[in-house]
1. Scan region 211-226 for residues that are away from the ligand (no atom under 12 Å from the Cβ) and surrounded by fewer than 24 Cβ atoms within 10 Å (Cβ to Cβ) and jot them down.
2. Name, by its number, the condition in (1) within 16 Å of the ligand (Cβ to nearest atom); (2) buried (at least 24 other Cβ atoms within 10 Å of the Cβ); (3) at positive phi that does not hold for residue 229.
3. Looking at region 125-157 only, could you name the residues that are among the acidic types (Asp, Glu) and within 14 Å of the ligand (Cβ to nearest atom)?
4. Determine the pairs where a residue that is in contact (Cβ under 8 Å) with a residue 12 or more places away in the chain, located within region 117-134, has a partner that is of a type in the set (D, E, K, R) and part of a helix (DSSP H, G or I) with Cβ atoms under 8 Å apart, the partner being 6 or more residues away or on another chain.
5. Which of the residues spanning region 209-262 are of a type in the set (Gly, Ala, Ser), assigned to a loop (DSSP other than H, G, I, E, B) and touching a helix residue (DSSP H, G or I) at 6+ places or on another chain (Cβ under 8 Å)?
6. Hey, can you tell me all the residues within region 158-191 that are hydrophobic (A, V, I, L, M, F, W, C), within 16 Å of the ligand (Cβ to nearest atom) and within 16 Å of residue 125 (Cβ to Cβ)?
7. Regarding region 248-259, can at least one residue be identified that is within 16 Å of the chain's Cα centre (by Cα) and within 16 Å of the ligand (Cβ to nearest atom)?
Amino acid sequence: MAARLSTSPVLSYAVLLPFLSRRAAASRSFSPFPFPFPFLRRSNICFSSQALSMARDTSAQDVSAQARRGFPSQVDDFASPGDLSFESPLKIVEYPDPILRARNKRINTFDDNLKKLADEMFDIMYKTDGIGLSAPQVGVNVQLMVFNPAGERGEGEEIVLVNPRIYKSSTRTLFFNEGCLSFPGIYADVERPASVKIDARDVTGARFRVNLSGLPARVFQHEFDHLQGILFFDRMTEDVLETIRSELKALEQKYESRTGLESPESIDKYERTQRQQIAGFARR
Ligand SMILES: [Zn+2]
């Protein structure tokens, strides 16, 4: 997710954050955490005992049980070392590259390569003025995201989430002007739940649950969508989408010029009904 320059006519995140926090505080579903994460420690994500809810790693049992119930075989399709390989320095993948729509595999190897990938994702995120970044956006199709709502190295908290899941979303939703590093220069309003309860692993493989609200909830949900192959314009209203249509088409033309290939998707052939089904806010 991209941060917007403060010179923009739209309010900066710093200005909007108190507003968002108050709005989130009004949510009936969740109590918001103070911002930034008070329970996280830089360089080693460490949650308080209240945040930790799973002392036992049950993923292997969960997967085999799901497989027996006939869930798709992809459920237990974990990333191989090849899936997690990357070249330095990382580069941002832009729309409409099909990498952004590809399936992202779950991770079950928590090694130095994963830490290095997360570190390099932070590097390019800061360099491009981002506040969140998902692995498919750097060409690695795995369930990994990083974010720091402060958007500056040395400020805020650096959060790495592996195999994240949303197990509850607030019914209350908010509109927010979002940007995306895979859509340089494009900003538009997107509606999302104000708060989410999530389950994830940290970069060491430790599993945890946490409630997010305010800007962290917004950034998390934007990056979580990337891990499902959902892009932010999939969630825009028709009216809002119309305001960025020409910019999306320009990116499609840029892709065609660069690759010599036909754009794999076209905003002019956009099937709204299909996208809305993909991009529901149901339990994911
Ligand atoms: Zn994005």
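Every read-out reported here was derived from the displayed coordinates using simple, explicitly stated rules and does not represent laboratory data. Keep in mind the model is a prediction, meaning the values are calculated, not measured. With ideal geometry, Cβ positions are generated from the backbone for all residues, glycine too; neighbour counts draw on all protein chains shown.
1. Correct list: 211 only.
2. So the condition that residue 229 fails would be (2).
3. Filtering region 125-157 for residues among the acidic types (Asp, Glu) gives 129, 152, 155, 157.
Within region 125-157, 129 is the sole residue that qualifies.
4. What qualifies is 132/223; 133/223; 134/223.
5. Of region 209-262, the ones of a type in the set (Gly, Ala, Ser) are 213-214, 217, 229, 246, 250, 257, 260.
From the residues that got through so far, the ones that are assigned to a loop (DSSP other than H, G, I, E, B) too are 229, 260.
Selection gives 229 alone.
6. Pass one, region 158-191, residues hydrophobic (A, V, I, L, M, F, W, C): 159-162, 166, 174-176, 180-181, 183, 186, 188, 190.
Next, only the ones that are within 16 Å of the ligand (Cβ to nearest atom) stay: 159, 161, 176, 180-181, 183, 186, 188, 190.
Across region 158-191, the qualifying residues are 159, 161, 180, 181, 183.
7. The answer is no; no qualifying residue exists.
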